[in-house]
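Novice: Okay, handing you the structure first.
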Amino acid sequence: MIPATDTPTPTSPIAETPSSTARAKDVSGAKRQLNLASLARQTGAFLWLVLLYLWLNLPYLWLILPYLLAWAVPFVWCLPQWADSNHPQVIQPWIPVLAFILIASRRKHLHALLRAVEKIPPKTWLERGNSALLILGCLLYLFAHLVQIKGIAVIALLLIAVGAVHALFGGRMIKSLWIPIVFSLLIIPPPDSAVDWVLLKFRTISVKVAGVILNALHTGNKTTGWTMTFSPSGDVLEYPIPAGGLGVIVPSIILTLWWTLLWRQKAITCLVLPVLSGVIALILNILRVTAAGFFAVRSPKITEILLQLNSWILVAITLVLVFLASKALSALVAWSKKKRGAKALRNSGALFSRAGKAFNAITIPFDYLFQGIGYLSKQTRRAGSVINLIVVPFDYLFRGIGYLFTLFGRSEQLIEKGLKRLFPKKRNRRR
Amino acid sequence: MNVTPFIKLGTLITVTAVLGTFASFRFKNAGAWLPTIPAQIGAWEAIDYPPNREVIRQLGNPLAMGRTYISPFGEPVWVSVIAAGAFENYHDPTVCVTGGGFVLTSKKVFPIDGSNSGPVRAMVFRSQQKSERITTGDGYLRMIMYYWQQNRDGNTDTEARMGNYRDVAARLRTGFGAVALGKQTCLVRVYAPVDQDDKKAEQTQRNVAEISQAIYRAMKKDGAGL
């Protein structure tokens, strides 16, 4: 006999049977599916409308989105170098952003130009603008994909961008955008073999210079290529590729150049400051490599930290130093423009010459004295090395200042000539 | 603002970008053919000798295989076959072997299997430093290598493609073949060290030539789907 509890009640026949429960679940699932499908359809339609609205009202999207799509493959080709924080090309992916800021800083001028073009349409074929450059860029892009050369692909992409601007806004716009366009050329990756060769040379030279300095600091060593063998311990330190310092020098130069262009400095400043930046970065890197060598036999952990130091840290220090140097230079220039300043500069040649001689005279006895202390203290090795570390740089500093002053003294006539050109006498001006 | 010029230019850039991406996919397809090579060539027995993982990584992880053929007299001949898709797979022996401590001493290009067959590049390398194993002669280790790139249709080529700008013409030929014609290519290296008793390297060259011809024929057969 079947128990009463197992029989379905007439009031709820569907809910009680297992088959009917499944059916009910199916129905709710289908409803949910239906709802999801309609929701997806509605969302799709909405997104489509948004996209359509944007494309119709922001026509630049018609160009920017396909252009970004075109960058996809060349970007992947360039990524190994661009993603390495110690590679000299690490700055390249930031070039478009920097160029865009340069363009944005000229926006008022560009707006005025657009209005002027609308009022008086250009007459010549070149000024009116055409798609020739863009088509050339597209063909070059396809060629770059056939030969798989990233340099050509990036040149093609630049041509496409410039070609699009030329086709839409004409030649006058290109003319007024020449600085950002020329700056954008820095994104073109040089041939890998050339980069490898330069990296190798810089690494070897940096290690060689560090070896000479360390020998002067009484840390005996012998360099072969990028390896340094210390004596008498015989420990070997192999410097990695970033020790060449190009990962610091190149970004520093480019960022300084960009800074001078952004603030529309004179051509001479745009030339001098990046060179100064390169020199400062080079010196900083040699200091790093030397310090790494110095600590290699004393505290290898410090050496490891120094050699694995992210290049951006040194770039930041370089930029701060360049900024300070530029401030000092501009103050010097401002001072020299005053009458008193000009006169003082004119007299500085002889002053430098005398000071140089004096410094050299002081340095020689000091040099012998310091060296003597260094040799004496070698009995207690650690104390000796500390004294050397403190004393020898001072010795070189004195010598360096002495040489610099002598050099300035000898170039007295040259300074005088330059000053005469810079500040001609009043009667000459009247003439 | 008039949208039409934007649409026109955008369409042109889109078509170019899509064609460029398509070219990259075709290159991937070019490196999808790795033929089967015989386990035995005449009296030569083969044992698998997979290429070094680090080397494969440097080449961009292509499909690759390696075998060592041993003659009944115990003479070895090494064979490596690498499916060549993108140009990063195309490492030339004149660069890689010389980077590994060897000097290229001679080079010659000639047909691999009779006058109607494709060319092969034969090279002789000498070690930069004297080897302790070589007790006779000048004490340097020597190696003979045959190198060629073989398409599925049996055509071969020996030009380097490693230099970006230097080898641009050869790269264009390969690129057009891979993208427009769908050609699939493999890089083949057959090499053997010169035994110190084989003073004129005649026996070594015979061994390398024999294995190279067999590999060439096997790849041609595999490419034709036979």
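The values are calculated or read from the model by the stated rules, or taken from the named source; none is laboratory data. These figures come from a predicted structure and were not determined experimentally. Cβ atoms come from the backbone with ideal geometry, glycine included; neighbour counts cover every protein chain shown. Note: accessible area is taken over every heavy atom of the protein model, side chains too, but ligands, DNA and RNA are not part of it. Shrake-Rupley method; radii C 1.70, N 1.55, O 1.52, S 1.80 Å.
Novice: Checking residue B:166 against (1) at the interface with chain A (Cβ under 10 Å from one of its Cβ atoms); (2) of a type in the set (Lys, Arg); (3) in contact (Cβ under 8 Å) with a residue 12 or more places away in the chain, which single condition isn't satisfied?
Specialist: Status for residue B:166: all satisfied but (3).
Novice: Give me a count of the residues in segment A:219-239 that are farther than 12 Å from residue A:209 by Cα, touching a residue at least 12 places away in the same chain (Cβ under 8 Å) and not aliphatic (A, V, I, L, M).
Specialist: Summing the residues that are farther than 12 Å from residue A:209 by Cα, touching a residue at least 12 places away in the same chain (Cβ under 8 Å) and not aliphatic (A, V, I, L, M) in segment A:219-239 gives 9.
Novice: From the residues in segment B:1-31 that are open to solvent by 60 Å² or more (accessible area, probe 1.4 Å) and part of a loop (DSSP other than H, G, I, E, B), which one is farthest from the other protein chains (Cβ to nearest Cβ)?
Specialist: For segment B:1-31, the residue satisfying everything is B:2.
Novice: Now for a separate question. Kindly list, by first and then second residue, each pair from a residue in segment A:192-209 that is in contact (Cβ under 8 Å) with a residue 24 or more places away in the chain and more than 13 Å from chain B (Cβ to nearest Cβ) to a residue that is assigned to a helix (DSSP H, G or I) and open to solvent by 70 Å² or more (accessible area, probe 1.4 Å), limited to pairs with Cβ atoms under 8 Å and residues at least 6 apart or on different chains.
Specialist: That search, which allows pairs on different chains as well, returns A:199/A:241; A:203/A:241.
For every residue, the table says whether it meets (1) more than 14 Å from chain B (Cβ to nearest Cβ); (2) modelled with pLDDT under 90; (3) in contact with a helix residue (DSSP H, G or I) (Cβ under 9 Å, 6 or more places away or on another chain).
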| residue | (1), (2), (3) |
| --- | --- |
| A:60 | no, yes, yes |
| A:69 | no, no, yes |
| A:75 | no, no, yes |
| A:78 | no, no, yes |
| A:81 | no, no, yes |
| A:105 | yes, no, yes |
| A:116 | yes, yes, yes |
| A:120 | yes, yes, no |
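Novice: Further question: Got a sec? Which helices (runs of 4 or more DSSP H) wholly within segment A:226-335 have at least 2 residues that are under 17 Å from residue A:88 (Cβ atoms)?
Specialist: Numbers: elements: A:246-262, A:267-296, A:300-307.
It comes to A:246-262, A:267-296.
Novice: What is the number of the single condition among (1) more than 8 Å from every other protein chain (Cβ to nearest Cβ); (2) surrounded by 16 or more Cβ atoms within 10 Å (Cβ to Cβ); (3) touching a residue at least 24 places away in the same chain (Cβ under 8 Å); (4) in a helix (DSSP H, G or I) that residue A:126 does not meet?
Specialist: Result: residue A:126 passes all but (2).
Novice: Please go through segment A:131-145 and give me each residue that is closer than 19 Å to residue A:76 by Cβ and either more than 7 Å from chain B (Cβ to nearest Cβ) or surrounded by fewer than 23 Cβ atoms within 10 Å (Cβ to Cβ) (or both), ordered by number. It would help to see each step written out before you state the result.
Specialist: Residues of segment A:131-145 closer than 19 Å to residue A:76 by Cβ: A:140-145.
The answer is A:140, A:142, A:143, A:144.
Novice: OK, next. Please determine, by comparing only the residues of segment B:198-216 that are open to solvent by 60 Å² or more (accessible area, probe 1.4 Å) and either among the hydroxyl-bearing types (Ser, Thr, Tyr) or without any contact (Cβ under 8 Å) to a residue 60 or more places away in the chain (or both), which one is nearest to residue B:40 (Cα to Cα).
Specialist: Among residues in segment B:198-216 that are open to solvent by 60 Å² or more (accessible area, probe 1.4 Å) and either among the hydroxyl-bearing types (Ser, Thr, Tyr) or without any contact (Cβ under 8 Å) to a residue 60 or more places away in the chain (or both), the one nearest to residue B:40 (Cα to Cα) is B:206.
Novice: Taking interchain pairs and intrachain pairs at least six residues apart, which have beta carbon atoms under 6 angstrom, with the first residue in segment B:54-81 and of a type in the set (Ser, Thr, Tyr) and the second in a strand (DSSP E or B) and open to solvent by less than 50 Å² (accessible area, probe 1.4 Å)?
Specialist: B:68/B:76; B:69/B:44; B:69/B:46; B:69/B:77; B:71/B:44; B:80/B:66; B:80/B:189
Novice: Another question, then. Among B:121, B:171, B:133, B:126, which is at pLDDT 85 or above and open to solvent by 30 Å² or more (accessible area, probe 1.4 Å)? Steps first, please.
Specialist: Numbers: B:121 fails: open to solvent by 30 Å² or more (accessible area, probe 1.4 Å); B:171 fails: open to solvent by 30 Å² or more (accessible area, probe 1.4 Å); B:133 fails: at pLDDT 85 or above.
Unique residue meeting the criteria: B:126.
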